[in-house]
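Below: one structure, written as structure tokens.
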Amino acid sequence: MRHIRSLAVSLSVAALGAAPALAAPKSQPVEIRFAAAVNGAPLACGQRYTGIGSTDASLELQDFRIYVSNFRLLTKDGKEVPMALTPDGVWQDEKVALLDFEDATGNCNGNAPLNTAIKGAAPKGDYTGVVFDIGVPFEINHQDPTLAPAPLNLSATAWPWRVGYKFTTIDLETAPAVGKTASASGFSIHLGSTACGEGSWVTPPKMTCSNPNRPEYRFTAFNPKTHTLVMDLGAVLATTDITTNAPQSPSGCMSSEEDNDCVGLFDRLGLTFRGKPSQGQAFITVK
């Protein structure tokens, strides 16, 4: 009897061991495409665009690089599903990706390669929207870019460590409309965190910055297979005079609350500025 019981136990254990393992959740690749434009026209180095901003000025691109992160896909019922970025050693790691719309031709002074899409994976399913941030997450935002892995290894897209990275590195050569004068010949949009506490510029803050300045963009009707997210410089600059510069401030907007050049830009980027909420972002649209 004891032998029979032992045999039964052995057969049961063997049966359990032979049971198939639970299948891992299936995932699907996802690619989200971006493009840059000026009032609807494709943005390119070496081209001059007119009718820009509150004074109908003109601009020519010098740099256009943007960090994006925190991607989530939306289901039909509005549920957010995290999208995992696929590290490639150049443009993206598992937390952040760098979009690059300039090719170092004409007046552009960045790098020749372009990057206009981010790649990752999500659980298999049907998705009808996307949510993401412009910005670098706090936990990796305040570091030495010369020691950081790609895509955070570019000194041109970083401020001192206490402040962190420039979430947008947009530099423009500008000129007034015919018959108008100008007090500046360039304009920059360098979005980043501010009010990051006291201390050395090369010491990371212990707490999050008071003004994180990471705008969130939500599109409830977006299909990664057929749609492109278009970042339009003309739209974001529509209420700004790019041919003048606020007194005693850097050229363009460097995200400081004291900089009057940031007022219209922050509103159209979808960010609160000086305590005043945005009326709604006008920078990115689905095409």
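Read the figures in this text as sums done on the coordinates, not as results from a lab. Being a predicted model, the structure only gives us computed values, none of them experimental. When we count neighbours, we look across all protein chains shown, and the Cβ atoms used for this are built from the backbone with ideal geometry, even at glycine.
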Computed on alpha carbon atoms, what radius of gyration and Dmax characterise the stretch 25-286, expressed in Å?
18.2, 64
Within the stretch 25-286, how many Lys pairs sit with Cα atoms under 21 Å apart, leaving out pairs fewer than 8 places apart on the same chain?
18
With label points set 7 Å from each Cα along the Cα-to-Cβ direction at ASP126 and ALA112, the distance between them in nm comes to 4.5 nm
Report the full-extension gain for the segment ALA150 to THR105: residue separation times 0.36 nm, less the Cα-Cα distance, to one decimal in nm.
13.9 nm
Estimate the FRET efficiency between ALA84 and THR50 by the formula 1/(1 + (r/R0)^6), using the beta-carbon distance for r and 30 Å for R0, to the nearest 0.05.
0.10
As a test of the formula, what do you get for the chain when each DSSP H run with n ≥ 4 contributes -39,500 (n - 2.57) and the sum is divided by the residue count, at 222 nm and rounded to the nearest 500 deg cm²/dmol?
-3000 deg cm²/dmol
Loop-located trypsin sites (Lys or Arg not before Pro) in the stretch 115-187, at most 10 other Cβ atoms within 10 Å (DSSP):
LYS124
